[in-house]
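What follows draws every value from the coordinates through simple rules; no lab data is involved. Since the model is a prediction, treat every value here as computed from it, not as a measurement. Don't worry about glycine lacking a Cβ; one is built from the backbone with ideal geometry, like all the others, and counts go over all protein chains shown.
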Amino acid sequence: MRYYKLGETPAYYITAWYNLLSGKWEFGKVHATETTVEGVTVELTTNGRHANYEMKLSGFDLDTSANKVYGVVLTTADGSEYGLHHVTNIWRGTELGFNTDETYLASMPMFRMGSETP
């Protein structure tokens with residue numbers, strides 16, 4: 001494994017280490033600037049081009065050319081939270097999506113295939 005010493009602390013990062021006892025990688029807290037947006041309008045598309053469910057967000061002020069979006073916490077009306085991450089679930093900063101085979105999101109009642117729950 002290679003690593004490089006940085007001249008300064010990055011604006012966003014996560015620490016990782018290899019646990020010799022468990023034989024697995026472990027990850028710490030993400031260090032980044034958090035922005036909460038409310039009053040967002042969501043346009044939901046099913047069976048989209050990139051994912052089973054795609055959401056285009058609007059109605060808030062976020063300059064995605066100046067603010068990189070690497071993660072999103074999607075909070076549902078019942079207070080449940082689901083993490084979305086860059087490239088797999090986030091495109092262009094304001095377009096989100098996921099597939100129903102992504103276990104952590106497919107467990108949401110409103111996104112189960114064939115579900116009648118709005």
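So the values come out like this:
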{"quantity": "Residue pairs, from the table Lys24/Lys68; Lys29/Lys68; Lys5/Lys29, whose Cα atoms sit over 26 Å apart", "calculated": "Lys24/Lys68"}
{"quantity": "Phi-based couplings in Hz for the range 8-20 (Karplus 6.51, -1.76, 1.60; Gly and Pro marked x)", "calculated": "8, 6, x, 5, 8, 6, 9, 8, 9, 8, 9, 8, 5"}
{"quantity": "Label-point separation, Thr15 to Lys56 (7 Å along Cα→Cβ), nm", "calculated": "4.2"}
{"quantity": "5 Å binning of all Cα-Cα separations within the range 40-107, expressed as whole percents from 0 upward", "calculated": "4, 16, 27, 29, 17, 6, 1"}
